[in-house]
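Engineer: Got a structure for you, written out below as structure tokens; questions coming shortly.
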Amino acid sequence: MSAGSSHVPVLLHEAVALLAPAAGGLYLDATFGGGGYAANILDGAACTLWAIDRDPAAIARGAALAARHPGRLHLIEGGFGDLLSLLSQRGVTALDGAVFDLGVSSFQIDDPARGFSFRHDGPLDMRMAGTGATAADLVNQLDETELADILYQLGEERLSRRIARAIVAARRGAPIETTQRLADIVRGVVPKDKSGIDPATRSFQALRIKVNDELGQIARALEDAARLLRPGGRLVVVSFHSLEDRLVKRFMTQASGRAPAPSRHDPRGLTAREDAGFELLTPRALRPGAAEAAANPRARSARLRAMRRRPPGIPGPEIRP
Ligand SMILES: C[S@@+](CC[C@H](N)C(=O)[O-])C[C@H]1O[C@@H](n2cnc3c(N)ncnc32)[C@H](O)[C@@H]1O
């Protein structure tokens with residue numbers, strides 16, 4: 001980790017307010033990270049918190065917080081895509097709430113040795129858990145079409161074919177081993193646009209998502225966390241890019257019985273079925289306020305969505321004709 005690195009949690013108060021931890025409750029923080037959400041949850045209510053992170057460094061950092069709350073914080077190293085088995089192995093089969101704060105922490109992105117960032121030179125790694133194929137393995141081994149598809153699908157990069165061609169040409173000379181070399185290859189073929197966003201941003205995002213199977217993990221985890229929720233239990237998710245948010249939105253829309261309208265003028269659109277098991281707590285995604293976005297650049301793309309399992313006997317919202 002780079003000296004003095006820390007992680008400023010995004011939408012912390014909004015996320016914990018929607019989770020609404022209560023004394024005696026059992027909660028899951030599926031993305032422990034720097035423990036900012038966890039500390040707030042533990043300070044706010046005399047509850048028990050299970051916390052997962054696939055990064056061994058995050059789990060190690062959590063020991064101090066666990067010591068401050070004896071018997072109340074239980075840390076688990078693993079992927080949240082396996083949360084059902086990780087929790088059931090420890091006797092946890094129901095939850096009063098689960099919170100996900102997706103993506104990478106500042107501890108990870110600011111550490112050149114982890115290879116997540118095009119701003120620092122380091123090995124082209126990007127593995128949150130430190131196991132499996134690295135980003136360097138992908139850029140040096142996949143064929144041009146596979147690379148282009150990853151950049152297009154997971155980075156929404158319009159110039160994916162051009163970048164893939166440049167990567168394959170560059171690696172013929174020598175394998176691409178560092179973040180700077182990859183960033184320079186991408187910058188060499190993607191012109192800067194008016195947004196000021198680095199041309200390598202989308203390619204790095206795509207590779208990170210692929211290396212960590214981020215979308216597969218999220219899809220499994222949302223299903224499983226929702227299944228564990230007790231009546232009244234809440235699921236709260238903060239996402240940082242449109243592919244994540246699309247998955248979360250679709251999942252919560254369906255779980256709450258809201259069908260997307262065939263047309264946006266159709267009055268049946270976004271009405272809730274009375275028998276749906278969940279209700280949306282955020283009909284529209286919450287975004288950070290101007291002050292948070294100004295103070296924390298990571299916050300700018302954040303979106304928070306939440307739903308809760310309907311308590312028994314409470315009917316859903318009225319169905320519009
Ligand atoms: C944005 S940070 C969370 C920050 C945390 N809420 C805080 O307040 O400090 C995301 C964390 O989730 C972890 N993570 C991301 N995907 C994961 C997955 N599939 N399984 C487990 N942990 C994951 C990352 O390793 C990282 O530490």
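Engineer: Given the chain, what percent of its DSSP beta bridges are antiparallel, to the nearest 5?
Structural biologist: On the way: 11 of 29 bridges.
In the chain, DSSP labels about 40 percent of beta bridges as antiparallel.
Engineer: Counting only other residues whose beta carbon sits under 11 Å from that of T145, what net charge do I get with K and R as +1, D and E as -1?
Structural biologist: Numbers: positive: R161, R165; negative: D143, E144, E146, D149.
Residues close to T145 contribute a combined charge of -2.
Engineer: Place the peptides 284-293, 128-137 in order of packing, highest mean first, counting for every residue the other Cβ atoms within 10 Å and averaging per peptide.
Structural biologist: Working: 284-293: 14.4, 128-137: 16.7.
Those peptides, ordered most packed to least, come out 128-137, 284-293.
Engineer: Which one of P297, P283, P311 has the biggest mean-square fluctuation once the chain is modelled by GNM with Cα springs under 10 Å?
Structural biologist: Fluctuation is largest for P297.
Engineer: Let me ask something else. Calculate, in nm to one decimal, what R90 and A60 gain on full extension: separation in residues at 0.36 nm each, minus their alpha carbon distance.
Structural biologist: Numbers: separation 30, 0.36 × 30 = 10.80 nm, distance 1.91 nm.
Taking R90 through A60 to full extension adds about 8.9 nm, to one decimal.
Engineer: A follow-up question, please. Hey, got the dipole for the stretch 1-117? About the Cα centre, +1 on K and R Cβ, -1 on D and E Cβ, debye to the nearest 20? Please list the in-between numbers first.
Structural biologist: Numbers: 6 positive and 11 negative charges, 52 e Å.
Dipole size: approximately 260 debye.
Engineer: Among the aspartates and glutamates, which have Cα under 19 Å from the Cα of K192 when same-chain residues fewer than 8 positions away are ignored?
Structural biologist: E156, E157, D184
Engineer: So, in Å, what gap is there between the alpha-carbon centers of the stretch 14-66 and the stretch 73-117?
Structural biologist: When both Cα centres are located, 10 Å separates them.
Engineer: Hey, another quick one. Hey, got the dipole for the chain? About the Cα centre, +1 on K and R Cβ, -1 on D and E Cβ, debye to the nearest 20? If you can, show how the numbers build up before the last one.
Structural biologist: On the way: 42 positive and 36 negative charges, 159 e Å.
The dipole of the chain has a size of about 760 debye.
Engineer: Taking the stretch 54-209 as the region of interest, what is the percent of Cα-Cα pairs per 10 angstrom bin, listed from the shortest bin to the one with the maximum distance?
Structural biologist: 10, 34, 28, 17, 10, 1
Only the coordinates and a few stated rules stand behind these numbers; no lab work does. Everything numeric in this text was worked out from a predicted model, so none of it was measured. So basically every Cβ, Gly included, is an ideal-geometry build from the backbone, and we count neighbours across all protein chains shown.
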